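What follows is a short report on a single structure.
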Amino acid sequence: MKSLYYIIAMLLMAALFVACASSRQGRSIKKDIDGSWSLQSINTEGINTKFNAIVFNEADLNCFTGSTWVFNSHNSLGSYSIGNPSGKCVVLKRNIRWSIYEPRDAPLLFQFKRLDDKYKPMDDNNGFRLSITMPDANTMQLKSAISFEGKPVNIVYNFVKK
């Protein structure tokens, strides 16, 4: 009877390992993202007017232009730092936990959660998911789908590797 429990336990652990393993494409993208990045520009798709928006429950969209993002693929931790280019932004550094989300039969997504100074999740343990486009060793584009005046809009974040 003990051996039956042992076999079942081993099968459950193997199934869990396989279910949590990331795909080759996911690992490749995670490796490409590893390192330090500058958020060079932010634009929108779907509207032609300027608008203000608080993004990532943190700051105005414009405060993120020129921010520095660091991603460590070995422990899935990272950070972003916002400067004060316009004098209207709070200077801060925020820790994050990030990963590549791999939904079945759908494109891969970049996801992250904001962490406090003790590396505990903020925002009631909720995070953010963005579409990944143009990932390579030197550039990356992330898109966040939102609704603006009832219309679908994308906020596009253009990164360059430092």
Problem set entry | Fluctuation leader among Val91, Val70, Val55 - the chain, Gaussian network, Cα springs under 10 angstrom | Val91
Problem set entry | Angle in degrees between helix 24-33 and the longest Cα principal axis of the chain, rounded to the nearest 10 | 40 degrees
Exercise. Highest GNM mean-square fluctuation, the chain, Cα pairs closer than 10 Å: which of Glu102, Glu149, Glu58?
Worked result: Glu149
Exercise. What distance in nm separates the simple spin-label points at Ser131 and Glu149, each placed 7 Å from Cα in the Cβ direction?
Worked result: 2.1 nm
Problem set entry | Listed residues Asp124, Asp34, Asp60, most fluctuating in the chain (Gaussian network, C-alpha, under 10 Å) | Asp124
For this session: Run the accessible area of the chain with a 1.4 Å probe and give the carbon-and-sulfur part as a rounded percent.
Result: 55 percent
Exercise. Considering every pair of different Cα atoms, what Kirkwood radius, in Å, is found for the chain?
Worked result: 17.6 Å
Problem set entry | Overall Cα dimensions of region 68-116, principal axis frame, Å, largest first | 44, 22, 16
Problem set entry | Solvent accessible area, Å² - Ser79, 1.4 Å probe, full protein context | 10 Å²
Exercise. In nm, what is the difference between 0.36 nm times the number of residues separating Glu102 and Asp116 and their Cα-Cα distance?
Worked result: 2.5 nm
For this session: As a check on your grasp of the helix formula, calculate [θ] at 222 nm for the chain: sum -39500 (n - 2.57) over DSSP H runs of n ≥ 4, divide by the residue count, round to the nearest 500.
Result: -6000 deg cm²/dmol
Exercise. Any idea of the accessible area per residue across region 27-162, 1.4 Å probe, to the nearest Å²?
Worked result: 57 Å²
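The values are calculated or read from the model by the stated rules, or taken from the named source; none is laboratory data. Every value quoted in this text rests on a predicted model; they were computed, and no experiment measured them. Here the Cβ is made from the backbone with ideal geometry for all residues, glycine too, and neighbour counts use every protein chain on show. Accessible surface areas use protein heavy atoms only, side chains included; no ligands, DNA or RNA. Shrake-Rupley method; radii C 1.70, N 1.55, O 1.52, S 1.80 Å.
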